[in-house]
1. Can you run down the residue pairs with Cβ atoms below 7 Å, 6 or more apart or on separate chains, where the first is in segment 161-177 and over 16 Å from L127 (Cα atoms) and the partner is surrounded by 14 or more Cβ atoms within 10 Å (Cβ to Cβ) and modelled with pLDDT under 95?
2. Being modelled with pLDDT of 95 or more, surrounded by 16 or more Cβ atoms within 10 Å (Cβ to Cβ), closer than 26 Å to D75 by Cα and assigned by TED's automatic domain parsing to the domain that holds E134 narrows it down to one residue among V216, V231, V290; which is it?
3. Count, please, the residues in segment 1-57 that happen to be of a type in the set (A, V, I, L, M) and part of a loop (DSSP other than H, G, I, E, B).
4. Among V153, V81, which is within 21 Å of V292 (Cα to Cα) and either in a helix (DSSP H, G or I) or touching a residue at least 24 places away in the same chain (Cβ under 8 Å) (or both)?
5. Output yes when any residue across segment 263-286 is under 20 Å from L111 (Cα atoms) and surrounded by 15 or more Cβ atoms within 10 Å (Cβ to Cβ), and no when none is.
6. Look through segment 178-225, keep the residues that are under 19 Å from T140 (Cβ atoms) and assigned to a helix (DSSP H, G or I), and return whichever of them is nearest to the chain's Cα centre (by Cα).
Amino acid sequence: MNSPNLFPSLTAWMGATPASHPLRDLFDTAEDGDHPTSFRRSVLQAFDDIIGTLERAQPLHLGQPKRDFLRAKTDDDLMIVRAELVAGAKLARAGVPFDFGTRNGSPEPDLILREANLSIEVKARRLNGLKDLEKELTSTLDEAGLPAIVHLVCRERPLEIKKDVREAIVEETLTRVRNRAWGSAVTQLERPWAATPQLALTVRVFEAPAEAGTSVVVEDGFELSGHLEDVEGQVLAVLNDEQKVKQAEARPTILLVDIARTGMSWMRSPMSWAPRLAELLPDDTPFVGVGVMLQTLDNADVPISFALRANADAADLDAAKKLAVDLGLTLTE
């Protein structure tokens, strides 16, 4: 049990959350004696620092993301609101005055700068096809009481495996385990939208001791060229989101996409992302620029990089460049 003084800002927020909140178990089991660099202490300390930074900065409408935090039901819900909070905290630490956008009537961008005609819209993208398949295989085999060792093998990790394809793979694997048909089966993933349109996925099934339970392991998949092209495509796809386009047309806006959980995007550094985005950013988008951030649970700060649209309004570009300077970023145009 931790004392209220250990995470004072987080404790105040957690007091209004239900027992099912995705952070509840970690918070309730924290102890004053936890090592400062332990995973539990680091995660909770990061949340506390983010919330405390925002409360000291006192942006308007902080209650809106706070409500999202309180209502979070899944890890995904929590990471989505954390992306908005950590981006706001980064502005606050840099001394950039801002407010959270309102959500009544016509929704505004998430972060609105007070001293410049510029806003930031935050989007979190979670895409991990093999992780989804791994979870579903583990759950199905456990529920069936069928211990097995399953290896998922492919040369490139797909960002997405369609639901019906995952279901077919799970059903086939379940049948193989029931029939003790150990060995390999190959599924050809058809992905016309991807840089690699066809990708072979091998499912290897091995016998496991009854007491061992189910173990699903992802092997290989470290070819990054096509994978990172797909991540780039997912970032740029947000530029066409109808609601976000309307926001960008209403006021100058930078789109900031959290790609920490978009496949293996973390394998490319933020500094490498900026010039690539500058190459890909279309001239006809209403956004002033597009950027990425890579949040991690144990860090109250977040690395950010963004690129600006060269033909954007001069005043908008000046405001964006000043923001980059304030944040200590190396800007790519």
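1. These pairs meet every condition: V177/L146.
2. Every option except V216 fails the conditions.
3. Residues flagged as of a type in the set (A, V, I, L, M) and part of a loop (DSSP other than H, G, I, E, B) within segment 1-57 amount to 6.
4. V81
5. So far as segment 263-286 goes, yes, one or more of its residues are under 20 Å from L111 (Cα atoms) and surrounded by 15 or more Cβ atoms within 10 Å (Cβ to Cβ).
6. Looking at residues that are under 19 Å from T140 (Cβ atoms) and assigned to a helix (DSSP H, G or I), I get A212.
Conditions (1) of a type in the set (S, T, N, Q); (2) out of contact with any helix residue (DSSP H, G or I) (no Cβ under 8 Å at 6 or more places or on another chain), marked per residue:
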| site | (1), (2) |
| --- | --- |
| F100 | no, no |
| N104 | yes, yes |
| P109 | no, no |
| I112 | no, yes |
| A116 | no, no |
| R125 | no, no |
| K131 | no, yes |
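The values are calculated or read from the model by the stated rules, or taken from the named source; none is laboratory data. Please read all numbers here as calculations on a predicted model, not as lab measurements. Because the Cβ atoms are built from the backbone with ideal geometry, glycine has one as well, and the counts that use them run over all protein chains shown.
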